[in-house]
Amino acid sequence: MKLTIGERLFQVVNYTLLLVLASTMIAPLIHLLAVSFSSPIAADSKEVFLIPVEFTLATWQHILQNEVLWRAFGVTVFITVAGTFLSMLFTVLTAFPLSRKEFMLRRPVMLMMVITMIFNAPMIPFFLTVREVGLMDSIWSLIIPGLVSTFNMVIVRTFFMSIPKDIDDAARIDGCNEFRLLFQIYLQLSKPVLATISLFYAVGYWNTFKTAVLFLRNPDLWPLQMRLRAFFTSEEELAAVDLIMGDFDFNTTTLKAATIIFATIPIVIVYPYLQKYFVKGAVLGSLKE
Amino acid sequence: MAERADTLAGKKSNNQQLINSRLVKNIRKHWVLYLMILPGIIYYIIFKYIPLMGSVIAFQDYQIFKGILASPWVGFENFRFLYNYEDFHEVLRNTALIAFYQLIFQFPAPIILALLFNEIRILIVKKTVQSLFYLPHFLSWVVVGGIVFELLANQGIVNAIREMFGYAPILFMQEESYFRSIVVISGIWKEVGWGTIIYLAAITAINPSLYEAAVIDGANRFKQTLYITLPLMLPTITVLFLLNIGNFLELGFDQIYNLLTPMTYSVGDIIETYVYRAGVLQGQYSLTTAIGLFQSVIGFVLLWIFNRLARKSEQGLW
């Protein structure tokens, strides 16, 4: 197929535009990475772009020795692992009965759950409820109030419904009850979908912020995002990190840059491997709507 | 007449009994399914429905030690107060303005980007570009907010570039006039790539023979896009638009909270950040719940209006 001059011109412009825009998606992170490895003087005199200037490891040595940051990291790892597991368990247990024709309350229960996608729980009554339940200042407040995502549950249910019914009959002949049917057969068959949904949950837990703002007054329980926010907003928090500010191997600029990179690295590392699962999930969700 | 009504009622209760006995049988036979879904139902009741019903404290003078049952009812008093409350007007104006800008700039962005992606023919370039565009979606707003503050700081890279061209540095994050643009641009930066996925799926679903026919008729790429791709994307666009409009005033707490400073409250304080400060931190529970309820009602009314409009072309949500 021959392209006209106008079309060829458009192709050139389009490729250039998209490549430039795509590089702005990663450039800020590379820039901050460069800043975190630069000397504070270079960082503050606007010399650093994408390559470190006056290379130093001082900032990183300091960050990686920071116990407060590591504790927050530990909290985040815990809620990501425990939260993803519990969310998956609840999601699967809810989605399975809703995918079964023989479950008589399928329609009303499904409706009850889907309605909450349009009518969100408002912030203050939600806050008061969680407090009444006794989850204030508990690490579980980061997990339990947001345990099931209706969106994810609907995706899993749709997938369960697409599994051919012949399998059920075979299982029934083997004397399988519904628990075994779900855990030994359905879950084995839905591994790709379950992987995608777990990733959605895991990223959500890794980025947990709002629930921590609402429910955690005790800084010892803060997850990583909350700790970062504290670093960004008050210089004292950051200064508390470096007890000797007279030592000029790092300053707040390089420390902030390094903490941003610290919180982002895990996502950037796993992202290339998991990307296709994420995309699959987004498309699955769209089909339902 | 009365007799007939009686028999009708009798029939109804008969039906009810029939359903009940069928339900009992169903539970006996498939008790495992009922057991499985029980935790889910309890979760939805406690963390979704109780808070929804808890919105009634908007019509109360809620006192924490008395609880919902014993707190005095005040009717529309909280709403009447809001009507004359200067702070609320400012917050509502900020929310509506930012929501409007987002709708105009942020909503169409992934549609345009998806069309541009669709014109890339070299597969590896397409894959790479897409991967890069999807990445920011997975960063938290705390991180993105941190990035924005660092880049726009006095010693940040944006001011460094400005200085290279001889301009004086600007304190972007502290200036009221830049706040809303920063919100919209950072929102586009974070979500535009991810937003294309649904549209790209819609484009992939288009039957290639349509394009072949168009080529025979002499349509160039631009005309194909205009007369085939876009119209066939319209149902997807409509659905996403409706879902969007239903949450019109819900801008997302995380984004604004992480970009806001006390210097920019006058232009950037939105309903959610205000409700958090006045409600969660200062304990004005009833008043802030009234604000939340107001927000939900506006969202629902907008959804209802636009759904009616969309239904005229048979593309509504319901």
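So here's what we get for this one:
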{"item": "Single residue of the range B:266-297 satisfying the filter (surrounded by fewer than 18 Cβ atoms within 10 Å (Cβ to Cβ) and in contact (Cβ under 8 Å) with a residue 40 or more places away in the chain) that is nearest to the other protein chains (Cβ to nearest Cβ)", "result": "B:Gly283"}
{"item": "Tally of residues being crowded, with 21+ Cβ neighbours inside 10 Å and of a type in the set (A, V, I, L, M) across the range A:156-192", "result": "2"}
{"item": "Residues of the range B:180-235 classified as over 30 Å from B:Asn258 (Cβ atoms) and in a helix (DSSP H, G or I), total", "result": "28"}
{"item": "Residue list for the range B:36-78, restricted to those being small (Gly, Ala, Ser) and either assigned to a loop (DSSP other than H, G, I, E, B) or touching a His at 6+ places or on another chain (Cβ under 8 Å) (or both)", "result": "B:Ser71, B:Gly75"}
{"item": "Subset tally (residues that are under 21 Å from the mean Cα position of the chain (by Cα) and surrounded by fewer than 17 Cβ atoms within 10 Å (Cβ to Cβ)) for the range A:121-139", "result": "1"}
{"item": "All positions within the range B:108-125 that are assigned to a helix (DSSP H, G or I) and facing chain A (nearest Cβ under 9 Å)", "result": "B:Leu113, B:Leu116, B:Phe117, B:Val125"}
{"item": "When residues of the range B:147-161 are limited to those that are within 7 Å of chain A (Cβ to nearest Cβ) and among the β-branched types (Val, Ile, Thr), the one nearest to A:Ser234 (Cα to Cα)", "result": "B:Ile147"}
{"item": "In the range A:95-142, the residues that are at the interface with another protein chain (Cβ under 10 Å from one of its Cβ atoms), more than 30 Å from B:Ile19 (Cα to Cα) and among the charged types (D, E, K, R)", "result": "A:Arg131, A:Glu132"}
{"item": "Scope the range B:239-255; condition within 11 Å of chain A (Cβ to nearest Cβ) and assigned to a helix (DSSP H, G or I); matching residues", "result": "B:Val239, B:Leu240, B:Leu242, B:Leu243, B:Gly246, B:Phe253, B:Asp254, B:Gln255"}
{"item": "Failed condition for B:Leu200, given (1) within 20 Å of B:Met233 (Cα to Cα); (2) surrounded by fewer than 18 Cβ atoms within 10 Å (Cβ to Cβ); (3) under 21 Å from the mean Cα position of the chain (by Cα); (4) not β-branched (Val, Ile, Thr)", "result": "(2)"}
{"item": "Residue within the range A:193-209 that is surrounded by 16 or more Cβ atoms within 10 Å (Cβ to Cβ), farther than 26 Å from A:Asn152 by Cβ, of a type in the set (Gly, Ala, Ser) and within 14 Å of chain B (Cβ to nearest Cβ) present", "result": "no"}
{"item": "Per-region count, the range A:1-50, residues part of a loop (DSSP other than H, G, I, E, B) and under 29 Å from B:Ile122 (Cβ atoms)", "result": "6"}
{"item": "In the range A:1-48, residue nearest to the other protein chains (Cβ to nearest Cβ) [restricted to those that are touching a residue at least 40 places away in the same chain (Cβ under 8 Å) and among the β-branched types (Val, Ile, Thr)]", "result": "A:Val35"}
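Table: residues versus (1) buried (at least 17 other Cβ atoms within 10 Å of the Cβ); (2) more than 31 Å from the chain's Cα centre (by Cα).
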position	(1), (2)
A:Ser23	no, no
A:Ser45	no, yes
A:Val53	yes, yes
A:Leu64	no, no
A:Trp70	no, no
A:Val81	no, no
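Every number in this text was worked out from the coordinates using simple rules, so none of it is lab data. Please read all numbers here as calculations on a predicted model, not as lab measurements. We place every Cβ from the backbone using ideal geometry, glycine too, and count neighbours over all the protein chains shown.
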